[in-house]
Amino acid sequence: MKKMLCLMLVSWLACAGCGSKSKESLYDEGMKQLKASNPSAAVVYFKNALEKDSNYSDARFQLAKAYAELGKHEQAEKEFTKVLKQEPSRDECFLELAKISNATGKGPQGFTLGEQYLAKHPGAVEGLEVLGISCAAQKKYGDALNYLNQALKAQPTRSSTKLELAAILAVTGQVDQARAYLNDVVQNEAKPLKALYMLAALEKTAGKSDQAVTLYNKILQLDPNQTQAQYKIGLILIEKGDLAKAGTQAEEMIKSHPKKGDGYRLKGLVSYFSRNYGEAITALQQSVKMAPTIEGYQYLGLSYYNKGELETALSQFRIILDRVPNSRAARLMVAQTLLTQKRTDDAIAEIKKALAVDDNDAGAHNMLASAYLAQGLFEDGMRELNRATQIDPKLVSAHLKKGALFLSKGQSAQGESELAAAVQVAPNALNSRLLLASYYQRQGKTAKAAATLNAGLTGGKDDAPLLNALAALHFSTGNKNEGVQCLEKAKRVNPAFAGSYQNLAGFYAVSGDYPKAMAEFTAQLKQTPGNVRALFGLAALSEISGKDADALGYYQQAAQTKAVEAQLALASYLQKKGKADKALETIDQALKQDQRSQPLWEAKGRLLLAQQEYRKALKAFDEVEALNETQGIGLKIGTYLAMHEGPKAVEQAGRLISKHPASPDGYLVLASIYQRLKDLPMAIGEVNKAIKADPQNVEARLALGGLYLEQKDLAKAQTVYQEALKQHPNSVPVQFAIGNLCDLGGKKQEALQRYRSIVAQHENFAPALNNLAYLCADGYGNKEDALRYAISAFRLQPGNPGVMDTVGYALLRNGKTAEAVKVMERAAQQLPQDPSVHYHLGLAYYQAGDRAKSQQALQKSLSLGEGPDSKATRQLLAQLKK
């Protein structure tokens, strides 16, 4: 009690002291504290000054800066916004708000604010610098370097610009250049603390911990109050396993700097890695109270998670995401916590947000696989596991890596041995067993794959994924009955496992037994009402069977789930049926639920464009631009071209180029305009500018190859695509482009193999599925496979008339003539200018015995000009006329 009274007395005396001072003296004292690197104390003085005069904008501005230094970005943003309301002409607020946006991962917002500042201060070095940082936050490193080099040119001695340049160069692998800038700052500044911190980080990243410690000690020689340097040394001690020494360091820091959070944070980490989670929580709570940091909240959340206090853990991770929405670690821990709570749908949504930022995250794909398997989505789970190991061959599962490391080095025997050992050590690790079986299957070792899966069977619910994998093995070797038996058994052991129904439905659909396929989807819906995938399957089969009313009903049921893909599918179906107003109404209803959905705004704009409501379409595409600048401008350009307003289209592309001169995006957009205007040389010129701006850009290489294809120059297209493949061997669009080139060049078997390879790793890549189906239907593969691939593509893209034509062609090749005619009639209605579609329709009519309609369709095909099937069309037409 006495201690509390003493504290209250000290606080009262401090407040009394503040009360006797003028607002100006309080402001001056706050500025002294800021300069002394004590923002916490500065906050107190500035707030007291504002209590005396709430319109004292200088104090409010400095209060915002103090909050920003403390990492309290939300409070800082509020105060800067208040200053702007009080003094709209105070332009430096735009600059400070841009810095906050950049610090919290909101690069586009930071860029806009930086532009507002530069508009009033053209060429200002501070504005150029903040634009560079904004671009870096968006990973637009070419643009970032461009703006920062402009800033350095304007002020060659500016250290902060050199530091930002060094940061980007380090991220892009240009470490020597980064060091050069940092050493320049060290040589020319009396107290180059930030440069030394960055140099230490480079050494640490290079695995040179001792050199990093030397640099941190140099920082402490320059400024003994740099607790951050002591903290970094403590982290290195933890990494080396010297927890006792790190703990001693933490206690010394707390003793010498009791009002700073670094010592408590280090103490919390020592306790966390010692598995004393209660002690860790106490220390970390103190650290974030004194100095909120992302790391502090992350380990606080992890400590609660390990104690089993999951809701409290979630709240810590969400604090991080409120401040840094793109934080991968926090996002994935939110997902992991939700998975632990059995909130699988919510977990999947969080993982997808992480993958939207970086799709090459093997850990996220592995976690998503676990979530899908928990939901019974076998195909999705296996796809994500394969994707994870493709990105990171060292990844077997979250815990088992050793075997795949051998595989990545080409040491198959050792790799196989390690994987098998991993499964033996953890026989219930489902991911690992499935990965091992998948590896055996890819190697053609079917018997070993089957043995691995059978060894994991226990008779319980967890058998369902393994039985689905066994079924896939049986189907791949032609053992259809065994495959069906496995899936039926999987349904019995775990009726809630969705993959069993999906796989059985797929088998029956390919076999032409649509009633049985639909029965499986219906059974799945009884287990998981409102399952969008099952409803899509029922809708697709209804469409193929010509039951349009049933198809509409299933799309409407799917849309009731509020899933964006379901709303889009319903709108697409309605548009296809000539009900554009209803389609637009569907999109508008969906937008009421999510005003920031880019796919919905795109769909609305495209619907309006199809109705020639150009001005309304442009407004919809304005919304897209606010979410994705390049995509939005590209769509607006397409609209202007449809309006025959070419100059406005070019103006839009020019605007993008002027804003991001070092980015390939603007040049690619301008190239698309010239392509639409049939000026291919100009289009090629702009794409080459895009490649010059970013030689690693995949989209630019693909665009160049596409233009050469349009010029019928297959050799040049091949060269471009091969170069792109060297740079990005795992790029699916590049692999598909090469397969398509083989297809066009008459190398059908090579194309077939390339498409198969893509589908083996990316089952949901509809273009490869469609082309693979077409080649199989054309006699280059199994006709049953043709129907399976075509239906899979149609389920993914039910609104694509090109895919519908492939389905019809596959049905025809499988002797299902009546169904083929119905499907092809709808495809021809939607693609009235495609000669191949009318040829296929004519062929279907011919096989159905309707010679008059066949002749009419074939003549229509020839009237549309030369196509790849023109020769066959003439031959069939001549046969009919005999």
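Results, tabulated for the structure shown:
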| read-out | value |
| --- | --- |
| Residue ID - modelled with the highest pLDDT, chosen from residues in the range 195-225 that are surrounded by fewer than 17 Cβ atoms within 10 Å (Cβ to Cβ) and of a type in the set (Lys, Arg) | 218 |
| Qualifying residue in the range 144-164 (condition: in contact with a Lys or Arg (Cβ under 6 Å, 6 or more places away or on another chain) and farther than 27 Å from residue 358 by Cα) | no |
| Long-range neighbours under 6 Å by Cβ, at least six apart or interchain, first residue over 16 Å from residue 238 (Cα atoms) and of a type in the set (D, E, K, R) within the range 269-286, second buried (at least 21 other Cβ atoms within 10 Å of the Cβ) and at pLDDT 90 or above | 279/271 |
| Residues within the range 557-571 that are farther than 13 Å from residue 531 by Cβ, assigned to a helix (DSSP H, G or I) and at pLDDT below 90, tallied | 1 |
| Extreme residue, surrounded by the fewest Cβ atoms within 10 Å (Cβ to Cβ), among residues of the range 241-281 that are out of contact with any Gly (no Cβ under 9 Å at 6 or more places or on another chain) and among the aliphatic types (A, V, I, L, M) | 244 |
| Selection count, the range 321-331, where residues are in a helix (DSSP H, G or I) and more than 13 Å from the chain's Cα centre (by Cα) | 5 |
| Verdict on residue 343 being surrounded by fewer than 20 Cβ atoms within 10 Å (Cβ to Cβ), among the basic types (Lys, Arg), under 22 Å from the mean Cα position of the chain (by Cα) and at pLDDT 90 or above | no |
| Every residue from the range 786-807 that is assigned to a helix (DSSP H, G or I) and within 20 Å of residue 555 (Cβ to Cβ) | 790, 791, 792, 793, 794, 795, 796, 801, 802, 803, 804, 807 |
| Count of the range 660-689 residues which are of a type in the set (A, V, I, L, M), crowded, with 22+ Cβ neighbours inside 10 Å and over 23 Å from the mean Cα position of the chain (by Cα) | 5 |
| Positions within the range 529-556 being on the phi < 0 side of the Ramachandran plot, without any contact (Cβ under 8 Å) to a residue 40 or more places away in the chain, surrounded by fewer than 19 Cβ atoms within 10 Å (Cβ to Cβ) and not in a helix (DSSP H, G or I), in sequence order | 529, 547 |
| Residues of the range 551-569 satisfying the condition of being within 20 Å of residue 514 (Cα to Cα) and touching a Ser or Thr at 6+ places or on another chain (Cβ under 7 Å) | 551, 554 |
| Residue among 526, 619 that is under 30 Å from residue 655 (Cα atoms) and either among the basic types (Lys, Arg) or crowded, with 18+ Cβ neighbours inside 10 Å (or both) | 619 |
| Exclusive hit being among the basic types (Lys, Arg) and modelled with pLDDT under 90, set 265, 323, 318 | 323 |
| Matching residues in the range 626-642 - criterion: being in contact with a Leu (Cβ under 9 Å, 6 or more places away or on another chain) and either in contact (Cβ under 8 Å) with a residue 24 or more places away in the chain or among the polar types (S, T, N, Q) (or both) | 629, 630, 633, 634, 635, 637, 638, 639, 641, 642 |
| Unique residue being crowded, with 21+ Cβ neighbours inside 10 Å and either modelled with pLDDT under 90 or among the charged types (D, E, K, R) (or both) when the list is 827, 844 | 827 |
| Any hit, the range 833-849, residues being more than 24 Å from residue 770 (Cα to Cα) and not in a helix (DSSP H, G or I) | yes |
| Hey, residue 612 surrounded by fewer than 23 Cβ atoms within 10 Å (Cβ to Cβ), free of Cβ contacts under 8 Å to residues at least 40 places away in the same chain and within 30 Å of residue 657 (Cα to Cα) or not | yes |
| Residue selected from the range 145-186 under the condition of a type in the set (Val, Ile, Thr) and in a helix (DSSP H, G or I), by the criterion farthest from residue 123 (Cα to Cα) | 175 |
| Residue, surrounded by the fewest Cβ atoms within 10 Å (Cβ to Cβ), within the range 16-72, restricted to residues that are under 42 Å from the mean Cα position of the chain (by Cα) and in a loop (DSSP other than H, G, I, E, B) | 37 |
| So residue 354, is it without any contact (Cβ under 8 Å) to a residue 40 or more places away in the chain, aliphatic (A, V, I, L, M), buried (at least 19 other Cβ atoms within 10 Å of the Cβ) and part of a helix (DSSP H, G or I) | yes |
| Which listed residue, of 872, 810, is in contact (Cβ under 8 Å) with a residue 24 or more places away in the chain, of a type in the set (A, V, I, L, M, F, W, C), in a helix (DSSP H, G or I) and buried (at least 17 other Cβ atoms within 10 Å of the Cβ) | 810 |
| Long-range neighbours under 8 Å by Cβ, at least six apart or interchain, first residue on the phi > 0 side of the Ramachandran plot and part of a loop (DSSP other than H, G, I, E, B) within the range 764-785, second surrounded by fewer than 24 Cβ atoms within 10 Å (Cβ to Cβ) and at pLDDT below 90 | none |
| In the range 430-461, residue farthest from residue 477 (Cα to Cα) [restricted to those that are among the basic types (Lys, Arg) and at pLDDT below 85] | 433 |
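Residues are listed down the side, and each one gets a yes or a no for (1) modelled with pLDDT of 90 or more; (2) out of contact with any Pro (no Cβ under 9 Å at 6 or more places or on another chain):
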{"site": "113", "(1), (2)": "no, yes"}
{"site": "126", "(1), (2)": "yes, yes"}
{"site": "129", "(1), (2)": "yes, yes"}
{"site": "147", "(1), (2)": "yes, yes"}
{"site": "165", "(1), (2)": "yes, yes"}
{"site": "182", "(1), (2)": "yes, no"}
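The values are calculated or read from the model by the stated rules, or taken from the named source; none is laboratory data. All values reported here derive from a predicted model rather than from experimental measurement. Here the Cβ is made from the backbone with ideal geometry for all residues, glycine too, and neighbour counts use every protein chain on show.
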